[in-house]
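Heads up, the thing below is written out as structure tokens.
The values are calculated or read from the model by the stated rules, or taken from the named source; none is laboratory data. Because the structure is a prediction, the values reported are computed rather than measured. Positions of Cβ are backbone-derived with ideal geometry, glycine not excepted, and every protein chain shown enters the neighbour counts.
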């Protein structure tokens, strides 16, 4: 008797939450289910349930924080492998790559514009500050 995972792989379909976990978008299937239930994962621009079967060629939009990936499923795997293997499971659209790079550069520019504090003052700096503040 075949397991459900083997039977689905033979038909070329797999649960969405399991695929997201195998493609390394989420560390656990539970996190993938939470994201799907919250509406952060969409299949062809519509909300879906975690048990929805996906096939090769499906277009999935995944939103994590301020980053959005739009990927096309290129392979089905219910096994979580290495990061190199995970990259073989999907192909990111060119628009998605450009939008992510633009958002990343905007965040870096905003971060570079903020003043850098050197961290905690040394004992010597703290004593100088205390002397300065205690002057009449």
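Quick notes
- Tally, over the stretch 55-81, of residues that are assigned to a strand (DSSP E or B) and out of contact with any helix residue (DSSP H, G or I) (no Cβ under 9 Å at 6 or more places or on another chain): 2
- Just one of the listed residues (123, 49) is over 17 Å from residue 19 (Cβ atoms) and more than 18 Å from the chain's Cα centre (by Cα), namely 123.
- Residues of the stretch 87-98 that turn out to be touching a residue at least 40 places away in the same chain (Cβ under 8 Å) and either touching a helix residue (DSSP H, G or I) at 6+ places or on another chain (Cβ under 7 Å) or loosely packed, with under 10 Cβ neighbours inside 10 Å (or both), as a count: 1
- Residues located in the stretch 22-43, provided they are assigned to a loop (DSSP other than H, G, I, E, B) and under 15 Å from residue 91 (Cα atoms): 23, 24, 25
- Residue in the stretch 99-122 that is touching a residue at least 24 places away in the same chain (Cβ under 8 Å), surrounded by 14 or more Cβ atoms within 10 Å (Cβ to Cβ) and assigned to a loop (DSSP other than H, G, I, E, B) present: no
- The set of residues from the stretch 56-88 being out of contact with any strand residue (DSSP E or B) (no Cβ under 7 Å at 6 or more places or on another chain), modelled with pLDDT of 90 or more and closer than 11 Å to residue 19 by Cα comprises 75, 79, 80, 86.
- Taking the numbered list (1) part of a helix (DSSP H, G or I); (2) modelled with pLDDT of 90 or more; (3) surrounded by 11 or more Cβ atoms within 10 Å (Cβ to Cβ); (4) under 16 Å from the mean Cα position of the chain (by Cα) in turn, residue 129 passes all entries but (4).
- The number of residues in the stretch 35-55 being within 17 Å of residue 69 (Cα to Cα) and surrounded by 12 or more Cβ atoms within 10 Å (Cβ to Cβ) comes to 9.
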